[in-house]
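Let me begin by presenting the structure, written as structure tokens, before commenting on it.
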Amino acid sequence: MEEVARALAASKSAVAFTGAGVSAESGVPTFRGAGGLWERYRPEELATPEAFERDPVLVWRWYKWRQELIYAADPNPAHLALAELERLGVLKAVITQNVDGLHRKAGSRRVVELHGNIWRVRCTSCGREFPVEKPVGEIPPRCPICGGLLRPAVVWFGEPLPRGAWEEALSLASSADFMLVVGTSGAVYPAAHIPRVAKRNGAVIAVVDPGETALDDIADFKIRGKAAEILPRLVAEVRRCLT
């Protein structure tokens, strides 16, 4: 921990790369951890353009369920620790695979959302996007401009990542001298390519996760544990290094 903190405190362009494990302790289940009604479905069968075209009501029922869980959730100590590292001037940005918006809610200012945001919707007819502040009411929701079907503005299986977010993430990874990889299996591509870009460009890689990940092979440091327990300790160590 002390060695990671020293390297992080000495960095000039540190970036965090986060996944579902960061939000799990806020009560947001990981993508493959859906329970109850949804145990009968594979998320991969619901989060596709084909599924939406086939049964938009079913897809929206699932997304409304997810919105309700996230709406009731608060940022946990891991989110708050990353926001604090940014306030300290140590962390330059958070690149996340999460769509829950909890990094911004915790106070992180520069957040690159590779997979979109569940609190935005996009019209399948006119293409306009709209923010939503709470779980949708009508299912499926309709565009207030043209009446077309609205869909969650998230990346589904088989869809490309948002170009702007992807290019920003690549730029941050290419210039990073330290990358803190937190709460991700490292198995979902193309997002999982980002830490490897950072490594190829000379960044120190520190992986924080309770178990093994697909990115362990490039890690200079591996800290095993829950993000909400590890990151506040890391912040405390970084503060000591900065004083």
Q | Candidate set from the range 137-157 (those that are in contact (Cβ under 8 Å) with a residue 60 or more places away in the chain and closer than 19 Å to residue 98 by Cα); member that is farthest from the chain's Cα centre (by Cα) | A | 151
Q. Looking at (1) farther than 18 Å from residue 93 by Cβ; (2) of a type outside the set (Lys, Arg); (3) buried (at least 17 other Cβ atoms within 10 Å of the Cβ), which is the one condition that is false for residue 208?
A. (1)
Q) Which strands (runs of 3 or more DSSP E) does the range 89-178 wholly contain that include 2 or more residues that are out of contact with any helix residue (DSSP H, G or I) (no Cβ under 7 Å at 6 or more places or on another chain) and modelled with pLDDT of 95 or more? A) 116-123, 129-131, 150-154
(Q) With the requirement that a residue be in contact with a Gly (Cβ under 8 Å, 6 or more places away or on another chain) and surrounded by 15 or more Cβ atoms within 10 Å (Cβ to Cβ), what does the range 215-225 give you? (A) 215
Q.
Residues that are polar (S, T, N, Q), closer than 26 Å to residue 7 by Cα and not in a strand (DSSP E or B): does the range 180-194 have at least one?
A. yes
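The values are calculated or read from the model by the stated rules, or taken from the named source; none is laboratory data. Everything numeric in this text was worked out from a predicted model, so none of it was measured. All Cβ positions, even for glycine, are placed from backbone atoms using ideal geometry, and neighbour counts span all protein chains on display.
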